[in-house]
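Read through the structure below, which is laid out as structure tokens, and then see the notes.
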Amino acid sequence: MNVRKRLEKKGISPVIATVLLVAMVIVIALIIFLWFKSLSQEAITKFGENVQLTCQKVSFSADYANGAISITNNGNVPIYDIDVKISTGGNYNTDNLSAMSGNWPKGGIRQGGTFQSGDLSSQISGATQLTLIPVLLGTSNNGQQTYACDQQYGQILNV
Amino acid sequence: MGFKRTRKNIKKRKAVSVLIGYVLLIVFAIVISIGVYSWLKTYVPSTTLSCKDGVSLFIKGSSFNATGARQLNITIKNNGRFNVAAYFIYATNSTNQSLPVLDLSPYLDSSHGGEQFGNAVLFSPLADNSFAPGDQVSHIFNIPYAMGNIYTLQVVPALFQNDSNNRNMFVSCSDDKINQQVGEGAQCIPQCTGKTCGPDGCGGTCSPGCSTGDTCDASGLCFNSITCTPASPATKSAICGSQTCGTALNGTGSTSCGTIFCGDYGGGCQSGFFCNSTNQCQATSTCNGVWSPPESTNVQCDGGTNCLSNCQCPAGYNPDGSGGCVASSGTYSIDDYCKAEGYSFGTCTANNGGCQNQGGVLVSGGNAYCGSSLGCCIP
């Protein structure tokens, strides 16, 4: 009696079941991926690699004399901007060199380029140390974005 | 009884169907793998472009005349093991400055070799790594007055190199840069003769400057722009007329509104030209004491044996092809030499007193025509 009941049970054909299984996997994967993508931080790339890696290739020389900051881009990576960390005793504040100086070239300092600011002594009066941190311009899904490199890639100038 | 209770408990437990469990497992695996891949692929570093060890340039010679034509003449030699394509060149114009940041590439006089390529100077117009080890070249840069004196030069080699994607990239060899002191002992002399204001050619300004309300004109003189009477019409073309360089007076006499620069180069001329006495731009002669072909057509010799100061060979001499002159025929005397130098005549004397008694001056270049005596030229 029980065996007969089991034989009468109805179910989906194995072929259809496989098709449905594959389809469900794909759809659910797509939904979860799109949701996950909106949560994760987008990577900013430059020259086809993550901009954090490009920071390692930045090379520049800097000098501070007579109230002016001078910079030479010795490397092969264009420097879009410079974050200037002005240290005064135990305090510090950070500003963009493009905002501090009207001489900043549009588009930044390209390979082999140089920059000399005007007299910035009024803006950095009382400072004991300047840390120049390169800012690069990268590409993300939202278009071009700037990225400030880690401080370890910056240069310290004693004032 | 116990067995029946266990069967009941087993039947009451609820769980996800095995099928759904498999689906979820596979989905999570796929999603996570895609997410990790898309995030990690940007962290795969590409090949870093860097110069090979052994790339090296050497500044064999450099000279800069801060008061004359203001030309920086440098001779660069490849003393490395690899070909180089170009170089970046920077300078300082102050003794307080340790980092050369003045880019000199825009001031290259390409008529004497070299070609500007962005911020660099190419050795060859073909833009390739053609500057081989052992090669040597001289380039000239026309330094503007506003830059003042040049104290230190920095040269950074650069070359073309293929990256991992086989793209031809221009690579700076910043680890192989070289510094060179230039013009040691040469002091910049302020050009303030006849001026009371404006730039002095050494980065400063002429004194005493203009009073409040006055304006400094192109000639370094002050004028009152409110009370003066300008030319009519007061346009640059009307004031300058046919002048292509120099300055021209805006108005007449003491009521004029000062002078203005003529031409398109702030009163000067384009690279390779100079402003002559008639305020016209004229091609610069390459007569500079150094034989560096190609020389301009009016230069027969330059800095070599028997070559006169005007880069011409004396009468009876022909260019030897390396900046000097060799005798061809006839006899060349101290008289010929002095006349070629612009004096009235020349003679040989035993000492300076004898020369001065005749109203002349000793000219060391004429000694070769006087044997053991001294060459004396009389104006």
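The values are calculated or read from the model by the stated rules, or taken from the named source; none is laboratory data. Keep in mind that what you see is a predicted model, and the values were worked out from it rather than measured. Reconstructed Cβ throughout: ideal geometry from the backbone, glycine too, with neighbour counts over all protein chains shown.
Here is how the numbers come out for the structure above:
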item: Criterion (more than 7 Å from chain B (Cβ to nearest Cβ), exposed (fewer than 14 other Cβ atoms within 10 Å of the Cβ) and either modelled with pLDDT of 85 or more or under 29 Å from A:L130 (Cα atoms) (or both)) met by exactly one of A:V58, A:V19, A:V3, A:V51; result: A:V19
item: The range B:336-378 - residue that is within 38 Å of the chain's Cα centre (by Cα) and of a type in the set (G, A, S) and, of those, nearest to B:V326 (Cα to Cα); result: B:A368
item: Residue within the range A:61-70 that is touching a strand residue (DSSP E or B) at 6+ places or on another chain (Cβ under 7 Å), at negative phi, more than 8 Å from chain B (Cβ to nearest Cβ) and among the charged types (D, E, K, R) present; result: no
item: Wholly enclosed strands (runs of 3 or more DSSP E) of the range A:78-132 bearing at least 3 residues in contact with a helix residue (DSSP H, G or I) (Cβ under 7 Å, 6 or more places away or on another chain) and at negative phi; result: A:81-88
item: Matching option when the condition is buried (at least 18 other Cβ atoms within 10 Å of the Cβ), of a type outside the set (A, V, I, L, M, F, W, C) and touching a residue at least 12 places away in the same chain (Cβ under 8 Å), among B:D103, B:D135; result: B:D103
item: Options B:G253, B:G209; residue that is without any contact (Cβ under 8 Å) to a residue 12 or more places away in the chain, of a type outside the set (S, T, N, Q) and surrounded by fewer than 14 Cβ atoms within 10 Å (Cβ to Cβ); result: B:G253
item: Residues of the range A:78-107 satisfying the condition of being surrounded by fewer than 21 Cβ atoms within 10 Å (Cβ to Cβ), under 18 Å from the mean Cα position of the chain (by Cα) and within 14 Å of chain B (Cβ to nearest Cβ); result: A:P78, A:G107
item: Any hit, the range B:59-69, residues being out of contact with any Cys (no Cβ under 9 Å at 6 or more places or on another chain) and within 20 Å of A:N74 (Cα to Cα); result: yes
item: Top-ranked residue in the range B:16-46 [being of a type in the set (G, A, S) and either more than 7 Å from chain A (Cβ to nearest Cβ) or more than 52 Å from the chain's Cα centre (by Cα) (or both); ranked as farthest from B:R167 (Cα to Cα)]; result: B:S17
item: Of residues in the range B:256-270 being within 9 Å of B:A218 (Cβ to Cβ) and touching a strand residue (DSSP E or B) at 6+ places or on another chain (Cβ under 9 Å), the one surrounded by the most Cβ atoms within 10 Å (Cβ to Cβ); result: B:C262
item: Test: residue in the range B:150-173 that is touching a residue at least 40 places away in the same chain (Cβ under 8 Å), surrounded by 15 or more Cβ atoms within 10 Å (Cβ to Cβ) and over 25 Å from A:I109 (Cβ atoms); result: no
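Residues are listed down the side, and each one gets a yes or a no for (1) of a type in the set (K, R); (2) closer than 21 Å to A:G75 by Cα; (3) more than 10 Å from every other protein chain (Cβ to nearest Cβ):
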position: B:V84; (1), (2), (3): no, yes, yes
position: B:Y87; (1), (2), (3): no, yes, no
position: B:S94; (1), (2), (3): no, no, no
position: B:V101; (1), (2), (3): no, yes, no
position: B:S111; (1), (2), (3): no, no, yes
position: B:Q116; (1), (2), (3): no, yes, yes
